[in-house]
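Engineer: What follows is a single structure, and I will ask about it in a moment.
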Amino acid sequence: MYSRFAGLGLAFLIFCLTSSCDHEQSNSEGGRRQVIDIQKTLERLQEHVQHLTVTIGERSVGLPENLEKTAVYIESFYQGIELPAHREAYPYRDFNVANIVAKIDFSGNPKKCYVVGAHYDSVWGTVGADDNASAIAVQLETARQLRSKLGEKELDLSVQFVSFPLEEPPTYGTRHMGSKVYAKKAKREKERIDGMICLEMVGYTCHQEGCQSYPFPLMFMGYPKKGNFIGIVGNLSSKGFTNSLYKAFKKNQDLPVIKLTVPFGGWAMPSVRLSDHAPFWDQGYKAVMITDTAFYRNPHYHQPSDTVDKLDFQFMAELVESLVIFFVEETGK
């Protein structure tokens with residue numbers, strides 16, 4: 001295994017040096033324009049994570065009753081903002097799990113159709129505040145912000161918000177992953193997806209020099225040493241989508257952002273495939289992962305210490321704003 005991955009890493013490095021493996025970092029572009037109420041969004045994000053990690057707690061495959069409570073919570077949220085949502089249930093062992101799907105259509109025949117996905121399970125023995133309650137909270141609050149613009153903004157846009165179960169071990173990489181189930185169904189039914197945004201661990205920051213690490217060979221490529229940025233990771237076929245997101249995110253000067261485009265469907269750097277965007281890559285869809293870089297930054301990854309008090313809710317609220325900027329400016333008329 002080691003020699004195989006080392007060979008892939010060398011191939012990746014050669015590709016970067018000779019072709020189009022690129023990255024950029026930016027703090028801002030232009031002046032500050034607040035498009036959402038950051039403080040109110042911050043408070044709502046805290047409420048979501050508190051409920052998911054404290055009221056419900058561990059959301060692992062070993063506690064199906066808590067997976068069900070989480071699904072109900074997500075459904076109830078969408079009902080509360082008057083956004084239609086439904087379950088796409090499927091069996092796992094002796095119980096059912098479900099992808100929770102909500103959709104916002106701004107026009108009858110939209111120019112762009114996107115999916116915003118995040119997994120709602122946690123790994124065994126953890127309440128998963130960053131992994132992945134942070135992402136579910138950002139997903140829900142992004143939906144709230146877009147829902148508020150129905151009838152207010154003329155957007156040529158459709159967005160599906162999909163919350164996935166069973167991303168974590170022991171079901172990671174198996175056919176039981178909610179994102180695999182959804183991506184295969186989308187391909188089979190020829191669902192139009194112009195871009196899938198996977199939210200994966202989006203709530204942890206660190207500000208000491210050297211607290212941010214990277215997989216080989218990125219540590220040699222001038223990336224920042226402090227973990228105060230959000231990352232956008234796409235494959236080569238998603239490069240245009242990655243660039244569009246990056247351009248929109250740069251307009252929020254309060255959220256530093258980097259982008260990375262990887263070759264070979266991410267297989268040359270296996271760590272960039274470790275979330276729900278990879279099944280969409282495998283089905284030929286454009287997809288990106290938006291992340292705080294997980295275990296390359298967060299020492300509480302897959303630990304009982306991954307709790308609500310470790311999160312940076314200002315950082316998460318700024319991410320909601322950046323996503324809203326993308327959707328509004330990408331398709332606004």
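Engineer: Take the residues in region 268-296 that are of a type in the set (S, T, Y) and over 16 Å from K239 (Cα atoms); name whichever of them is surrounded by the fewest Cβ atoms within 10 Å (Cβ to Cβ).
Structural biologist: Across region 268-296, the extreme among qualifying residues is S271.
Engineer: Show the residue pairs meeting these rules: Cβ distance below 7 Å; 6+ apart or different chains; first residue within region 200-217 and farther than 28 Å from S179 by Cβ and in contact (Cβ under 8 Å) with a residue 60 or more places away in the chain; second residue part of a loop (DSSP other than H, G, I, E, B) and not β-branched (V, I, T).
Structural biologist: The qualifying pairs are C211/K226; C211/R297.
Engineer: What are the residues in region 144-173 that are under 16 Å from G195 (Cα atoms) and among the aliphatic types (A, V, I, L, M), if any?
Structural biologist: Correct list: L157, V159, V162.
Engineer: Applying the selection to region 143-200, what residues are closer than 21 Å to P279 by Cβ, part of a helix (DSSP H, G or I) and either among the acidic types (D, E) or under 16 Å from the mean Cα position of the chain (by Cα) (or both)?
Structural biologist: Of everything in region 143-200, those that are closer than 21 Å to P279 by Cβ, part of a helix (DSSP H, G or I) and either among the acidic types (D, E) or under 16 Å from the mean Cα position of the chain (by Cα) (or both) turn out to be G178, S179, K180, Y182, A183.
Engineer: All but one of (1) surrounded by fewer than 21 Cβ atoms within 10 Å (Cβ to Cβ); (2) under 18 Å from the mean Cα position of the chain (by Cα); (3) at pLDDT 95 or above hold for G265, so report the exception by its number.
Structural biologist: Of the numbered conditions (1) surrounded by fewer than 21 Cβ atoms within 10 Å (Cβ to Cβ); (2) under 18 Å from the mean Cα position of the chain (by Cα); (3) at pLDDT 95 or above, the odd one out for G265 is (3).
Engineer: Still on this structure, please answer the following. Would you pick out the residues in region 302-333 that are outside any loop (DSSP other than H, G, I, E, B) and among the acidic types (D, E)?
Structural biologist: D309, E318, E321, E329, E330
Engineer: Then there's this: Does A137 qualify as being within 16 Å of Y78 (Cα to Cα), of a type outside the set (V, I, T) and part of a strand (DSSP E or B)?
Structural biologist: no
Engineer: Within region 79-138, take every residue that is at positive phi and touching an Asp or Glu at 6+ places or on another chain (Cβ under 9 Å) and give me the one that is surrounded by the most Cβ atoms within 10 Å (Cβ to Cβ).
Structural biologist: Ranking the candidates gives G128 first.
Engineer: Let me ask you something else. Hey, does region 180-192 have a residue that's free of Cβ contacts under 8 Å to residues at least 24 places away in the same chain, of a type in the set (K, R) and surrounded by fewer than 17 Cβ atoms within 10 Å (Cβ to Cβ)?
Structural biologist: Yes, region 180-192 has at least one match.
Engineer: Same structure again: Do you know which residues across region 54-110 are under 27 Å from E154 (Cα atoms), in a loop (DSSP other than H, G, I, E, B) and among the hydrophobic types (A, V, I, L, M, F, W, C)?
Structural biologist: Within region 54-110, I81, L83, F106 meet the criteria.
Engineer: Which condition number does P299 fail, the rest of (1) in a helix (DSSP H, G or I); (2) surrounded by fewer than 21 Cβ atoms within 10 Å (Cβ to Cβ) being met?
Structural biologist: Answer for P299: the failing condition is (1).
Engineer: Can you tell me how many residues in region 59-116 are within 22 Å of M201 (Cα to Cα) and among the polar types (S, T, N, Q)?
Structural biologist: 4
Engineer: Give the residues of region 270-285 that are modelled with pLDDT under 95 and among the hydrophobic types (A, V, I, L, M, F, W, C), sorted by residue number.
Structural biologist: V272, L274
Engineer: Yes or no: region 33-43 includes at least one residue that is crowded, with 17+ Cβ neighbours inside 10 Å and modelled with pLDDT of 95 or more.
Structural biologist: yes
Engineer: Continuing with this model, one more query. Only residues that are touching a residue at least 60 places away in the same chain (Cβ under 8 Å), under 18 Å from A294 (Cα atoms) and basic (K, R): list them for region 220-273, please.
Structural biologist: K259
The values are calculated or read from the model by the stated rules, or taken from the named source; none is laboratory data. Remember, it's a predicted structure, so these values are computed and weren't measured experimentally. Counting neighbours? That spans all protein chains shown, and the Cβs are built from the backbone with ideal geometry, glycine included.
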